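The values are calculated or read from the model by the stated rules, or taken from the named source; none is laboratory data. Since the structure is predicted, the reported quantities are computational estimates derived from the model, not experimental observations. Quick reminder, even Gly has a Cβ in these numbers, built from the backbone with ideal geometry, and neighbours come from all protein chains shown.
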Amino acid sequence: MIHYKRLSATLRGCKPEALWDLKFLEEAVREAARAAGMEIVPIFGNPLVYKADPSNDPMGGGVTVLALITRSHIAIHSSIEGECIMFNCETCGEGTDPDAALKAFADLCGADVVDIHYTDYAGIDP
């Protein structure tokens, strides 16, 4: 049995550096992974961090962080114009907790509101 876990949420009311600071968001994703019992794959350039300039981004600028974990990924994207962060975590296997990843990330970002859009924690027979 494969234990598949997926969580998607939007965070609002975050402190300003959580919307635009690359280093802050990269470390927040790393801390979320640690809090959730996840291991970030030790390869060069992981997590991948990208900053979209507000002048040429239809969403008003933001930061995307994609961290490959040994069993799947954590991905976030901030929207300056929308003043929010989209959070996605997917993992397979025992011993990982996407809810703990979201809680740690939201706490670090100072989110006032966390809207969970989707969770799917299922056992899948291969």
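Within segment 3-26, one or more residues are surrounded by 14 or more Cβ atoms within 10 Å (Cβ to Cβ), basic (Lys, Arg) and under 14 Å from residue 90 (Cβ atoms). Within segment 70-119, the set of residues being more than 25 Å from residue 41 (Cα to Cα), out of contact with any strand residue (DSSP E or B) (no Cβ under 7 Å at 6 or more places or on another chain) and not charged (D, E, K, R) comprises 82, 110. In this structure, is residue 97 in contact with a Gly (Cβ under 8 Å, 6 or more places away or on another chain) and in contact (Cβ under 8 Å) with a residue 60 or more places away in the chain? Considered against the rule, which asks whether it is in contact with a Gly (Cβ under 8 Å, 6 or more places away or on another chain) and in contact (Cβ under 8 Å) with a residue 60 or more places away in the chain, residue 97 comes out as yes. Could you say whether any residue in segment 20-30 is closer than 28 Å to residue 4 by Cα and modelled with pLDDT under 95? Within segment 20-30 (the criterion being closer than 28 Å to residue 4 by Cα and modelled with pLDDT under 95), the answer is no, since none of the residues qualifies.
If you check 73, 3 for being within 30 Å of residue 125 (Cβ to Cβ), free of Cβ contacts under 8 Å to residues at least 40 places away in the same chain, part of a strand (DSSP E or B) and of a type outside the set (Gly, Ala, Ser), only one passes: 73. Working only within segment 38-63, note down all residues that are surrounded by fewer than 17 Cβ atoms within 10 Å (Cβ to Cβ), without any contact (Cβ under 8 Å) to a residue 24 or more places away in the chain and either closer than 20 Å to residue 28 by Cβ or of a type in the set (Phe, Trp, Tyr) (or both). Answer for segment 38-63, where residues must be surrounded by fewer than 17 Cβ atoms within 10 Å (Cβ to Cβ), without any contact (Cβ under 8 Å) to a residue 24 or more places away in the chain and either closer than 20 Å to residue 28 by Cβ or of a type in the set (Phe, Trp, Tyr) (or both): 42, 44, 45, 46, 48, 50, 59.
Looking only at residues of segment 38-57 that are under 21 Å from residue 11 (Cβ atoms) and part of a loop (DSSP other than H, G, I, E, B), we find that the one that is nearest to the chain's Cα centre (by Cα) is 47. If the condition is being crowded, with 17+ Cβ neighbours inside 10 Å, assigned to a loop (DSSP other than H, G, I, E, B) and of a type in the set (D, E, K, R), then segment 76-126 contributes only 97.
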